Every structure is written in structure tokens, then in C-alpha cells.
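Colleague: Input: one structure, supplied below.
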Amino acid sequence: MGGAGVLLLLLAGAGVGVAWRPPKGKCPLSCSCSKDSALCEGSPDLPESFSPTLLSLMERKDIRGWGGMPGSPRQETALGRDRSVGVTVSSPTTAHVPSSLVRTGVTQLKAGSFLRVPTLHLLLFTSNSFSVIEDDAFAGLSHLRYLFIEDNEIGCISKNALRGLRSLTHLSLANNNLETLPRFLFRGLETLTHVDLRGNPFQCDCRVLWLLQWMPAVNASVGTGACAGPTALAHRQLRHLDPKTFKCRAIELSWFQTVGESALGVESFSYQGEPHIVLAQPFAGRCLILTWDYSLQRFRPEEELSAPSVVSCKPLVLGPRLFMLAARLWGGSQLWARPSPGLRLAPTQALAPRRLLRPNDAELLWLDGRPCFVVADASKAGSTTLLCQDGPGFYPRQSLHAWHRDTDAEALELDGRPHLLLASASQRPVLFHWLGGRFERRTDIPEAEDVYATRHFQAGGDVFLCLTRYIGDSMVMRWDGSMFRLLQQLPSRGAHVFQPLLIARDQLAILGSDFAFSQVFRLEPDKGLLEPLQELGPPALVAPRAFAPITLAGRRFLFAACFKGPTQIYQHHELDLSA
């Protein structure tokens, strides 16, 4: 500490003494030197670099008295286990039991370093060379009130370093090399009234978020100083930072399981309180229903329905009854039913055999309180058909969009009314609205040629569309009250699916590709745009066609149905970057 030496403040039960280390081992006339420790006793002028925390304490007389007070404690000097010099102070009534300790030359602070001095009230470390404070370094110091660790080389503090200091009121970690502090460092220190963290090169990233949230909640004055980085926040005072501006939560989709056969469609549903998945597997000729195996912690087959050339398996649950629509390219589409939980699904009805000649997609919607299916037909001779429940079966209610070779149907609600959006190979997507017991054409979507499929999502009170294009850029559009308008374009060569998904709190959208990695995007609420999040894989998806999320047993999964490869299952993980 320059030419003034190191000032050592020693607190005891019966009085307070001052000892300091003079420059070059020489004592001024006003002091007397201890032969063993080369420390000076007396009341020298305070050096300019002396701890501001201690100065403020003395000004408030939180620590009272200087020099030779009546009954002043006896001073002892000892050589510690780590070869550092220590000065201990004992009161006359507790001989040989120190209540204050000042140490210099310390090279490390390990667990249990002070178990032999449990009565310490004050501990000061200054100008030492140690860089790490380990867990439980101050174990046993249940009476310690003042802890000053200043002007050292500390760059790391273990998260449990201060554990057990239940009487601590004043803590200073000023003027060290701390870029961050571990989360919950101050947990259990309810008696704190003053904390000094100034003079540290804090990196004001997600690692300090917990500190920003802790400061206004704690009943203590906290000095934090300024940020050293990142560049955008350099020299900003920590106390002026807004925790709400920190984006410290990340998500990741990692591979979990593979289901061997390829699939064109995947749907999740809940039956009798248990989540299920159904895969449309055209090459295997079936709708495969999967359930969760709690003992193996894996998905396993539960039941399969024979459905050669199936393109879509659409579930509908009505109380104890389960229906499954199997839309097939050849041989006609069928409705399967399970009247009660104890039975297996069985075929009950052939669906519109003269209208559904080459179905490409099926969707479930509710109209006037009744469940209905709409099946998009891609043949020139057939027509997209609306089928609604009437008695025990589902029967054609309306033919839609004949001769347009529809590839996709999407049911959505706009302005409080049911709507239907149809994409086809021959024209722009057409929007229908439910009016007078039937669907009527309302408008089409401008600037949207060659759209293979459409999917919608809602966020912040707005309705968005994800439009899939095999050639050109896929698009994101937003409803403005009268039509959908272009918001964003994303390169998507070879895409057959651009599907929005809500997983936990995250609005995601996955853009599948036949020629490249599938891309996961996340909606950024501040911008209102989809931003890249990650590539999905490995393993890479081979010609993905549909995605479906499912939540069970406190875990979240994503199914990816692939036309030229096996179905892959990914698990959704949340990462806290502030931990």
C-alpha cells in the first residue's frame, strides 16, 4: 500500500488496537516496533489508500477507540500454516482466544481455515496474493461481524464460501479481480447491513443478473461500482442497469429417441388423461399410436391401425370415445372408433369415397358446436370436403375448392369466427369464413405463389401465418384485420414444412428441408420476428414432413416425422445463463 505500509485494525472485547507495517521495516518516532513481527503499535496518520469501508465505519463510530485504551488487549503474532503472518488480539477476560485477526502474505483460503479461532469478530485481508476463496473457507466463524477482503488478487469465489457467517453485518470485497459473483453467494446472510463490491472489473452479462435482482430486495446498502464489459455497458454503474433488459434464458432441442419407420404426419393427443402420439406411416401401411413407458422412460407402441398408403392420421377425443380419421391415397379414407377405454380401435366408416380420391391433408375443426374434419384433396377429379358428425358417423357437409388440387388445409379463427385456409398447386392460398352454416370465400393471400402448406400461430394478440414454399423463400405473414400481409421471408429451398410450435413459453417455428439441415426459429417479442435458434440434429432429419410437441412427466418432447428416414424425437431443455 505504498510508502505508508499496511494498516491493521484489531478489534477485541475490551478495546481496540492499531498495528501497521511501516515502509522498509522502520518505525516513526511516535511508534514502537515489535521485534518478532516488525509491526508498529500506535496511532499513525491513516494512509490515503486505507479501506474506505473501515474509514466510514470509524466515522460512524461503529468501531470505536484508537491506541492505548485502559485494559487494551494483549497482542500476539503467529506464523500460519500457509506461512503467512497473522496478528491476533485477545481480551483480558478471554486470554489466548482472539476476537480479531489481520493476515498478510496469505496464498490461499481453504475450507475450515479458521476452525481454531471461532470467537473472531473481525477479519481483514489486504494486499495478499491468493486468487480463490474455497467453499466453507470461514466455517465456524458464527460470531464474525466484520469481514474485509480488499486489494487482493481474487478472481473467483466459491458459491458456498460465506456459508455459516450468520452474524456478519459488514462485508467488503472491494478492489479485487472479480468479474462475476456466484449465484446465491449471500444466501443465509440475513444480518448484512453493508456490502462493498466496488473496484472490481465486473462483466455485466447474464452472470450478474441475480446480483441486480438481489440488490433492491436486500436490507443492506450495497456499493457495486461500474461495469468493465461488455463494450456496450462499459463504465455503466451496476445500480443503473435494468434486469428486464437481460436475455438470460436459452433453450435447446437435443436428440432423445428414434422410431424406425418413416412417416408423413404426426399428431399428439390426450386420451384418458394420458398423452399419446400417432404417426402416419405410409410405407408400413399403418397409423401407429405411441405412449410413454414410465418404467423404461421411453416411447413405445401401444396400438396400430391398418391403413395402406396413409397420409394423415387425425385423432378426435369425445369423452371416453376415441376416433381416428385415416386419410389414404389409395383404397379410400376410413374412420376408426373406440367406444370405450377397454376396447381397441376398429374401422367403422368409409369416408366420402366419391369425393376423396387423393387426400393430401386432414384437419379437425369445430363448427356450430359440432366436430368436423376437412380433408384437402389433391386430385383434379376429387374435391376438398368438409365432413361433420351426424349421429354415429361423419358425413359430407360441403365440397370446397373443386378442381384446384389442394395440398393443405388450415383451420383458424379470425375476428371471432371460424376460417379455413386452403393451399393448392394451381393458385394462391384462399381464405374462407364460416357464414350461414357454410364456408364462403373471403379473400386470397397476395404475393404468395407456389405455397405448398400454411400453418398459423397467435402471439401478442396477433395472428401469424407460416407459408411453406418448395422453391423460393418461405414467408411469415400477419393478419391486419382484412388480409394477411408479408412480414418476413426466409430462404427455404426444398421445404415441405414450415411449422409453428408453442413449447413451454417459447413460440418456435421449424423450417424443414430436403437438402439441408432443418432450422429452428424463435419469435422475439420485442422485434415481432422469427430469429434463428439452432439447426435440428444430429442426427439430421431426412425429408421432414411434420412436427408435433408433447409434454409428459414434467418433460417436453418434439416429434419429427420424416418421409425418407426414421422419425426422430428430441427433448426440449431450458438453460439458465444467469446461473
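Colleague: Of the numbered conditions (1) open to solvent by 40 Å² or more (accessible area, probe 1.4 Å); (2) more than 30 Å from the chain's Cα centre (by Cα); (3) in contact (Cβ under 8 Å) with a residue 12 or more places away in the chain, residue 487 fails exactly one; give the number of that condition.
Modeller: For residue 487, the exception is condition (2).
Colleague: Select the strands (runs of 3 or more DSSP E) contained entirely in the stretch 355-398, then report the ones holding at least 1 residues which are among the hydroxyl-bearing types (Ser, Thr, Tyr) and touching a residue at least 24 places away in the same chain (Cβ under 8 Å).
Modeller: Numbers: elements: 359-367, 370-377, 384-390.
Correct list: 384-390.
Colleague: Is it the case that residue 329 is touching a residue at least 24 places away in the same chain (Cβ under 8 Å), over 24 Å from residue 392 (Cα atoms) and within 33 Å of the chain's Cα centre (by Cα)?
Modeller: Numbers: touching a residue at least 24 places away in the same chain (Cβ under 8 Å): yes; over 24 Å from residue 392 (Cα atoms): yes; within 33 Å of the chain's Cα centre (by Cα): no.
No: the conditions fail for residue 329.
Colleague: Follow-up question, since we're still on this one. Do the conditions hold for residue 234, that is, is it in contact with an Asp or Glu (Cβ under 9 Å, 6 or more places away or on another chain), small (Gly, Ala, Ser) and either open to solvent by less than 30 Å² (accessible area, probe 1.4 Å) or farther than 20 Å from residue 163 by Cα (or both)? Before you say what the answer is, go through the steps one by one.
Modeller: Values: in contact with an Asp or Glu (Cβ under 9 Å, 6 or more places away or on another chain): no; small (Gly, Ala, Ser): yes; either open to solvent by less than 30 Å² (accessible area, probe 1.4 Å) or farther than 20 Å from residue 163 by Cα (or both): yes.
So residue 234 fails the test.
Colleague: Residue 290 passes all but one of (1) open to solvent by less than 10 Å² (accessible area, probe 1.4 Å); (2) in contact (Cβ under 8 Å) with a residue 40 or more places away in the chain; which number fails?
Modeller: (2)
Colleague: Now for a separate question. Return yes when residue 492 is hydroxyl-bearing (Ser, Thr, Tyr) and within 30 Å of residue 539 (Cα to Cα) and no when it is not. Explain how you work it out, then say what you get.
Modeller: Numbers: hydroxyl-bearing (Ser, Thr, Tyr): yes; within 30 Å of residue 539 (Cα to Cα): yes.
Criteria met by residue 492.
Colleague: Do we find a residue being surrounded by fewer than 12 Cβ atoms within 10 Å (Cβ to Cβ), at pLDDT 95 or above and either in a strand (DSSP E or B) or not β-branched (Val, Ile, Thr) (or both) anywhere in the stretch 469-477? Full working, then the answer.
Modeller: First pass over the stretch 469-477, keeping only residues surrounded by fewer than 12 Cβ atoms within 10 Å (Cβ to Cβ): 471.
Next cut, at pLDDT 95 or above only: none.
Checked the stretch 469-477: no residue is surrounded by fewer than 12 Cβ atoms within 10 Å (Cβ to Cβ), at pLDDT 95 or above and either in a strand (DSSP E or B) or not β-branched (Val, Ile, Thr) (or both).
Colleague: Only one of (1) open to solvent by 10 Å² or more (accessible area, probe 1.4 Å); (2) in a strand (DSSP E or B); (3) in contact with a Cys (Cβ under 7 Å, 6 or more places away or on another chain) fails for residue 227. Which number is that?
Modeller: (1)
Colleague: Is the stretch 304-319 home to any residue that is hydroxyl-bearing (Ser, Thr, Tyr), in contact with a Phe, Trp or Tyr (Cβ under 6 Å, 6 or more places away or on another chain) and surrounded by fewer than 18 Cβ atoms within 10 Å (Cβ to Cβ)? Can you show your working first?
Modeller: Of the stretch 304-319, the ones hydroxyl-bearing (Ser, Thr, Tyr) are 306, 309, 312.
Filter once more, keeping what is in contact with a Phe, Trp or Tyr (Cβ under 6 Å, 6 or more places away or on another chain): 309.
Going one step further and asking which of them are surrounded by fewer than 18 Cβ atoms within 10 Å (Cβ to Cβ), we end up with 309.
Looking through the stretch 304-319, at least one residue is hydroxyl-bearing (Ser, Thr, Tyr), in contact with a Phe, Trp or Tyr (Cβ under 6 Å, 6 or more places away or on another chain) and surrounded by fewer than 18 Cβ atoms within 10 Å (Cβ to Cβ).
Colleague: Which condition breaks for residue 255 when tested against (1) within 30 Å of residue 513 (Cβ to Cβ); (2) touching a Leu at 6+ places or on another chain (Cβ under 7 Å); (3) modelled with pLDDT of 95 or more?
Modeller: Residue 255 satisfies all of (1) within 30 Å of residue 513 (Cβ to Cβ); (2) touching a Leu at 6+ places or on another chain (Cβ under 7 Å); (3) modelled with pLDDT of 95 or more except (2).
The values are calculated or read from the model by the stated rules, or taken from the named source; none is laboratory data. Predicted model only: the values in this text are computed from it and were never measured. Ideal geometry is used to build each Cβ from the backbone, glycine not excepted, and the neighbour counts take in all protein chains shown. Surface accessibility is based on the protein's heavy atoms, side chains included, excluding ligands, DNA and RNA. Shrake-Rupley method; radii C 1.70, N 1.55, O 1.52, S 1.80 Å.
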